[in-house]
Amino acid sequence: MALTGIQILKMLPKKNCGECGIPTCLAFAMKVAAGQTEIGECPYVTDEVKEQIGEASAPPIRSIKIGAGASTFTTGGETCLYRHEKRFENPTGIGVLISTDMAAAEIDGRIERFKSLRYERVGVLLKADIIAIKDAKNDEASFTALVKKVLTGAEDASLVLISDNAANITAAAKACGERKPLIYGATQNNSKEFAAAAKELGCPLGIKGSNLDDTVALTEQLAGEGLKDMVIDTGARTIRAALEDNVVARRAAVNKKYKPLGFSTITFPCEMTTDPLMEAMIASVLIAKYAGIIILSDLQGDIFFPLLLERLNIFTDPQRPMVVEENIYPINGPDENSPVLITCNFSLTYFIVSGEVEGSKVPSWLLIKDTEGLSVLTAWAAGKFGADMIAQFMKKSGIEDKVKHRDLIIPGYLASMKGELEEELPGWTITIGPREGGHLPSFLKEWKPAAA
Ligand code: SF4
């Protein structure tokens, strides 16, 4: 039976040291109880307590780490079927396939695109996570050489090693050192050798079933042999089968607590079609419906970027507004004569406004007031962006020490606040800025302090 947060707290060392990444033991216990983190994240609990709590509080989809340090990728850890019930925990890993039978130029191109196709949106770095390396020639030497090339060529890539040969995969995985790869794929024929390799190497194991039933038989057998960290491939190689298997597996794990399917899935859109657009469409369906990892045949910006945005949207926590820190943000190297603008801390607003100010090339000070992630008008209506609160923030922010003038530019939508704000901020002149971020560059280029 699941333990409550209080029951778990009683078994914790109560140091409140924050080493688990959560400030207090109570908060950590609550998260463990909710299946949002694992008891093993606290370095001070005994093995006995770990076992006692771990089983009772583990998320229905086991959380698994691939790689180490900057290349660590976590998959699984999911606790719900629909994002609005709580949130999805770990974004689908997007990987690109390279293979020992490819020409060197093709391999180099894919590694290069892995490294270069990176985008920043709302303060989040969007990129591929995984390079899957296939032992297409069943040859240990060429497989290991290719793995070594990727290790040095793409330092933040998590690795999935694909081979039918346990000896080849062991040799290649050993070359990875601390960057423990996912070794794939254990089948009915080679499961004993792969299980032994996974245990010896301390790597998670990819299961390659021929269908859902076969996958269940394999995970049950391997779990019986003491293997815990597994990722499953049900063998589906059509969009319909892959979608159905992902949905069945997630429902069984979350609703029925069915352990043989309580693992993250690895899917291969790269093996389902030769048409890049169809591959992207399949990938988009599988990102939306529960794939833990998708392996693409290649990364091309025009179809890769929409997949990254889809993933960003689906895996954004619906219960937590996206915010930036309350602060003064200098843009374009401002000085004491530069304009001062203020807006809310809803991250989309921040990135639009800061982007336009940056694009204007006008050195400026951007003040971000904490509005709990609400946008300008919503925050104003909710009483979190009123004249008194802005004035209070202005006084404590230290902006008066940074500029000689006393001219504050407020969002155009808050024009009605001008008089009230001037009363709250004696000595300051309030200038109404544009309503749309896109009009900021021309506005700033013409701006002069009111007293000038
Ligand atoms: S690491 Fe352990 S002892 Fe420290 S705060 Fe977290 S749960 Fe408490």
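Values in this text are rule-based calculations from the coordinates and carry no lab data. Since we're looking at a predicted model, the values are computed, not measured. Positions of Cβ are generated from backbone atoms using ideal geometry, with glycine treated the same way; all protein chains shown enter the neighbour counts.
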Net charge contributed by nearby residues that have their C-beta within less than 11 Å of residue 221 (K/R +1, D/E -1): -2
Sum of side-chain charges, residue 405 neighbourhood, beta-carbon under 12 Å (Lys, Arg +1; Asp, Glu -1): 0
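About the Cα centre of the chain, how large is the charge dipole given +1 on each Lys and Arg Cβ and -1 on each Asp and Glu Cβ? Please answer in debye to the nearest 20. Working shown, then result.
Working: 49 positive and 58 negative charges, 110 e Å.
Around 520 debye, computed over the chain.
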Distance violations [Cα-Cα > 21 Å] among 31/257; 180/208; 86/115; 134/180; 10/199; 137/199: 86/115; 10/199; 137/199
Length released on extending from residue 420 to residue 328, taking residue separation times 0.36 nm less the Cα-Cα span: 30.9 nm
FRET efficiency, 1/(1 + (r/R0)^6) with R0 51 Å, evaluated for residue 210 and residue 41 via beta carbons: 0.90
Qualifying trypsin sites (Lys or Arg not before Pro) in the range 179-256, DSSP loop, other Cβ atoms within 10 Å at most 12: 256
Within-10-Å neighbourhood charge of residue 170 [Cβ basis; K, R +1; D, E -1]: -2
Residue 264 long-range amide H proximity, modeled H, under 5 Å: 62, 232
Segment residue 106-residue 82, length gained on full extension (0.36 nm per residue, minus Cα span): 4.8 nm
Note, ³J(HN,Hα) from phi for the range 289-303, Karplus 6.51, -1.76, 1.60, rounded to Hz, x at Gly and Pro: 10, 6, 5, x, 9, 10, 10, 9, 6, 7, 10, 10, x, 5, 9
Extreme residue, positive dipole direction of the chain, given options 440, 247, 170 (C-beta unit charges): 247
C-alpha long axis of helix 212-224 to longest principal axis of the chain, angle in °: 80 degrees
Restricting the range 381-452 to GluC sites (Glu not before Pro) in coil, as DSSP defines it, with at most 14 other Cβ within 10 Å: 436
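Per-residue ellipticity at 222 nm for the chain, helices alone: DSSP H runs ≥ 4 residues times -39500 (n - 2.57), over residue total, nearest 500 deg cm²/dmol?
Working: 16 runs with 176 residues, N = 452.
Value at 222 nm, helices only: -12000 deg cm²/dmol.
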Loop-located chymotrypsin sites (Phe, Trp or Tyr not before Pro) in the range 218-321 whose Cβ has at most 16 other Cβ within 10 Å (DSSP): 258, 315
Assigned charges on the beta-carbon of Lys, Arg, Asp, Glu; the range 64-314 dipole about Cα centre (debye): 780 debye
Reciprocal of mean inverse Cα separation for the chain (Kirkwood radius, Å): 24.8 Å
Extension gain from residue 175 to residue 336, taking 0.36 nm per residue of separation minus the Cα-Cα distance: 52.4 nm
Within the chain, percent of DSSP bridges classed antiparallel, to nearest 5: 25 percent
Surface/4 estimate of mean projected area, convex hull on alpha-carbon atoms of the range 327-446, nm²: 6.3 nm²
Label-point separation, residue 310 to residue 404 (7 Å along Cα→Cβ), nm: 5.6 nm
Label-point gap, in nm, between residue 116 and residue 238 - each point 7 angstrom along Cα→Cβ: 3.9 nm
Rounded to the nearest 20 debye, dipole of the range 327-446 from Cβ charges on Lys, Arg, Asp, Glu: 120 debye
